[in-house]
1. For the structure I just gave you, tell me whether Glu85 is free of Cβ contacts under 8 Å to residues at least 60 places away in the same chain and open to solvent by less than 20 Å² (accessible area, probe 1.4 Å).
2. Go through region 252-285 and count every residue that is within 18 Å of Val225 (Cβ to Cβ), assigned to a helix (DSSP H, G or I) and within 18 Å of the chain's Cα centre (by Cα).
3. I'd like to know if region 127-143 contains one or more residues that are among the aliphatic types (A, V, I, L, M) and either in contact with a strand residue (DSSP E or B) (Cβ under 9 Å, 6 or more places away or on another chain) or without any contact (Cβ under 8 Å) to a residue 12 or more places away in the chain (or both).
4. List the pairs whose first member sits in region 390-416 and is farther than 16 Å from Arg380 by Cα, whose second member is modelled with pLDDT of 90 or more and in a helix (DSSP H, G or I), and whose Cβ atoms are under 7 Å apart, counting only residues at least 6 apart or on separate chains?
5. Filtering region 380-420 down to residues that are within 25 Å of Gly96 (Cα to Cα) and among the small types (Gly, Ala, Ser), which residue is farthest from the chain's Cα centre (by Cα)?
6. Residues in region 298-315: is at least one open to solvent by 40 Å² or more (accessible area, probe 1.4 Å) and either closer than 19 Å to Arg66 by Cα or in a helix (DSSP H, G or I) (or both)?
7. Taking Ala320 as meeting all but one of (1) part of a strand (DSSP E or B); (2) in contact with a helix residue (DSSP H, G or I) (Cβ under 6 Å, 6 or more places away or on another chain), write down the number of the exception.
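The values are calculated or read from the model by the stated rules, or taken from the named source; none is laboratory data. Note that this is a predicted model, so its numbers are computed, not measured. Note that each Cβ is placed from the backbone with ideal geometry, even for glycine, and that neighbours are counted across all protein chains shown. For the accessible areas, the whole protein counts, side chains as well, though only heavy atoms, and no ligand, DNA or RNA atoms are used. Shrake-Rupley method; radii C 1.70, N 1.55, O 1.52, S 1.80 Å.
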Amino acid sequence: MEANIYTTQMDAARKGIVTQQIKAVAESERMPLDRLMRLVAEGKAVICANKKHSCLKPEGVGSMLRTKINANIGISRDCKDYDIEMKKVLSAVKLGADAIMDLSSHGNTQPFRRKLIEECPVMVGTVPVYDSVIHYQRDLATLTAQDFIDVVRLHAEDGVDFVTLHCGITRNTIKQIKEHKRKMNIVSRGGSLVFAWMSMTGQENPFYEHFDEILEICEQYDVTVSLGDACRPGCLADATDVCQIEELVRLGELTKRAWSHNVQVMVEGPGHVPLNQIAANMEVQKTLCMGAPFYVLGPLVTDIAPGYDHITAAIGGAVAAANGAAFLCYVTPAEHLALPNLDDVRQGIIASKIAAHAADIAKGIPYAREIDDRMADARRNLDWDKQFECALDPETAKSIRDSRLPEDDHSDTCSMCGKFCAVRSMNKALSGEMIDIL
């Protein structure tokens, strides 16, 4: 079919048109094509694929699909080496990230963004409100509503697959934040910028007020809207409060409006949430947003682990994805502390992949446990090479073993147990062999 017969992947699915992207995702997810078409048509799965991102290997995002993970990169005023950021991108893709978000907040962002689109085979997201101040090189209060919308258009034209837009906070949110006395106020960087702009100008949120114009841009290029959670909780004390839930109600309303334009939608979620509240948060989102894919940061299940927040986020992410979240934004050990370096990126991705995979097993993705079963076979057979092949991070696994090999007969033992190895003993016992320990 010619591309001009449909506008977006959602529009194509609603018209019964099988696009190359839908076909590719159905094959990679091992899902019947008609089922995936129905999910995309209903907005319960999205395929973030800007028409101008020609090197993209498409992936689907939805709770019925394999849980996807995103890696944030991007320069800041204090760390402004684009070459290092590109190394992070390549490392993230190699490790299995399904998406890259460019959160650059300094410098000439467009050439780097275009390079990403030209070379990155996974979906690329941005937060246009960050780029507005940088692009125009003007203070926030001097920008107009049209300025913000024009930057959304610029990112769409560059080929960005999804954009985070903080559409859900309004002038009413200013009153709420002042009245409800949050412990951490707003911790979303984009949300704080929109809040500050409204406070300084006295105007309504431009992303909310001009939402229909933005949808026209997104429909033209097939850019997925990721509805940002400006009021996500930044500490456990603020979890599931009035500000968070009121914004989520509005995001549900905006989801319906986007779907009426055939624009694909993801909804972003918390944040810092106690472990016992995560499942309920997922259920509320699924209800208020009609099953639109949920994209969560963590959630972080405690506030006191700086340097280890990739672990607190992985714990929350596993629970969230098992209960319906579709997309996990990685968190690195540098969260709350610094711009992540290459090693932080690596640790953040591996932690998120563990969480996503554990959730896929829990929620019954049909093929999710195949790799675990192959690992069990390799361990039973003491086949180290096959164990490394099954590992999420083969290089690290191999380097740990190789650096601490046992003194004797290291083909079938490790330096933890040596000849006391339970697997070795059982294999020999079951085959009638003598079990030599000393």
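1. yes
2. Narrowing region 252-285 to residues within 18 Å of Val225 (Cβ to Cβ): 252-269, 285.
Filter again for assigned to a helix (DSSP H, G or I), leaving 252-260, 285.
Still in the running and within 18 Å of the chain's Cα centre (by Cα): 285.
Adding up the residues that qualify gives 1.
3. Yes: one or more hits.
4. Leu392/Ile350; Leu392/Lys353; Leu392/Ile354; Asp393/Ile350; Pro394/Phe388; Ala397/Phe388; Lys398/Phe388; Arg401/Trp384
5. Filtering region 380-420 down to residues within 25 Å of Gly96 (Cα to Cα) leaves 383-402.
Retained after the next criterion (residues that are among the small types (Gly, Ala, Ser)): 391, 397, 399.
On the way: Ala391: 21, Ala397: 25, Ser399: 29 Å.
The qualifying residue farthest from the chain's Cα centre (by Cα) is Ser399.
6. Yes, there is a match, as at least one residue in region 298-315 is open to solvent by 40 Å² or more (accessible area, probe 1.4 Å) and either closer than 19 Å to Arg66 by Cα or in a helix (DSSP H, G or I) (or both).
7. With (1) part of a strand (DSSP E or B); (2) in contact with a helix residue (DSSP H, G or I) (Cβ under 6 Å, 6 or more places away or on another chain) applied to Ala320, the lone miss is (1).
Each row is one residue, and each column tells you yes or no for (1) touching a residue at least 40 places away in the same chain (Cβ under 8 Å); (2) within 30 Å of Gly291 (Cα to Cα).
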| residue | (1), (2) |
| --- | --- |
| Ala13 | no, yes |
| Val18 | no, yes |
| Glu29 | no, yes |
| Arg38 | no, yes |
| Ser63 | yes, yes |
| Lys80 | no, no |
| Ala99 | yes, yes |
